[in-house]
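The values are calculated or read from the model by the stated rules, or taken from the named source; none is laboratory data. The model shown is predicted, which means the values in this text are computed figures rather than measured ones. Neighbour counts are summed over all protein chains in view; Cβ atoms, including those assigned to glycine, are modelled from backbone coordinates with ideal geometry. With ligands, DNA and RNA removed, areas are computed over all heavy atoms of the protein, side chains included. Shrake-Rupley method; radii C 1.70, N 1.55, O 1.52, S 1.80 Å.
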Amino acid sequence: MTLARPAAALTSWLIIPGIAGAGLLVGLGSIWWPELPGNGKSILTVSLDSGMTLGSAAVILLLKPVLTAIFLRAGAVGGMLTPALATGAALGSLIALSINTLDLHPVNVAAVSLTCAAGVLAVTQRAPIWAALFVWELARPPLWVLLPFLAAALAAHGLQSVAERRNNVMVD
């Protein structure tokens, strides 16, 4: 998303048609995926209610960050918290639904969705413990579920740190 943001804040009249065009893209996508518009709350709701299909999870996983980036590029401003949660929840739904189609051992879609949401949030906010606690507080599951959230958030943050160190070594 950092790459999607313009280097300088857009101040010309072009911001109006740019944001309108981005909104049109979201509106067109929402014809087929009504969870797509908004800050991501509807994606979280659908993934937690196990109402997402494998195909819609895959499409939303791709479209939500792309459309968010298009809005940012057009000059819109806003937070990244709920889009990150929604992207993580879509990823978790995709993983859980994929596992469940194999009929090996069914997994709880809501639990995997929230666990992935904690992981993505840990990366975007650079705060793994906070991400795990935030997702746990948001969903209010039993206390023991905080452990998988924490494991996912710490693992995602650790992978991010390794990738950043690797990139810094390659640049130097």
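Among all residues of the stretch 8-30, there is at least one that is open to solvent by less than 70 Å² (accessible area, probe 1.4 Å), at pLDDT below 80 and either of a type in the set (A, V, I, L, M) or assigned to a helix (DSSP H, G or I) (or both). Kindly indicate whether any position in the stretch 58-65 is over 18 Å from Ser30 (Cα atoms) and surrounded by 17 or more Cβ atoms within 10 Å (Cβ to Cβ). Within the stretch 58-65, none of the residues are over 18 Å from Ser30 (Cα atoms) and surrounded by 17 or more Cβ atoms within 10 Å (Cβ to Cβ). Answer yes or no as to whether Leu150 is touching a helix residue (DSSP H, G or I) at 6+ places or on another chain (Cβ under 6 Å), at pLDDT 90 or above and open to solvent by 40 Å² or more (accessible area, probe 1.4 Å). Taking the combined requirement at face value, the residue satisfies it. Filtering Val169, Val112, Val162 for residues that are within 15 Å of the chain's Cα centre (by Cα) and either in a helix (DSSP H, G or I) or surrounded by fewer than 20 Cβ atoms within 10 Å (Cβ to Cβ) (or both) leaves a single hit, Val112. None of Ala131, Ala139, Ala122, Ala156 is in contact with a helix residue (DSSP H, G or I) (Cβ under 6 Å, 6 or more places away or on another chain), of a type in the set (A, V, I, L, M), open to solvent by 30 Å² or more (accessible area, probe 1.4 Å) and within 18 Å of Pro83 (Cα to Cα) except Ala139.
If you check Ala76 against the conditions, is it among the hydrophobic types (A, V, I, L, M, F, W, C) and in a helix (DSSP H, G or I)? The answer is no for Ala76.
If Arg73 satisfies every condition in (1) more than 30 Å from Ala20 (Cα to Cα); (2) surrounded by fewer than 20 Cβ atoms within 10 Å (Cβ to Cβ) but one, which is the exception? In the conditions (1) more than 30 Å from Ala20 (Cα to Cα); (2) surrounded by fewer than 20 Cβ atoms within 10 Å (Cβ to Cβ), Arg73 misses (1) alone.
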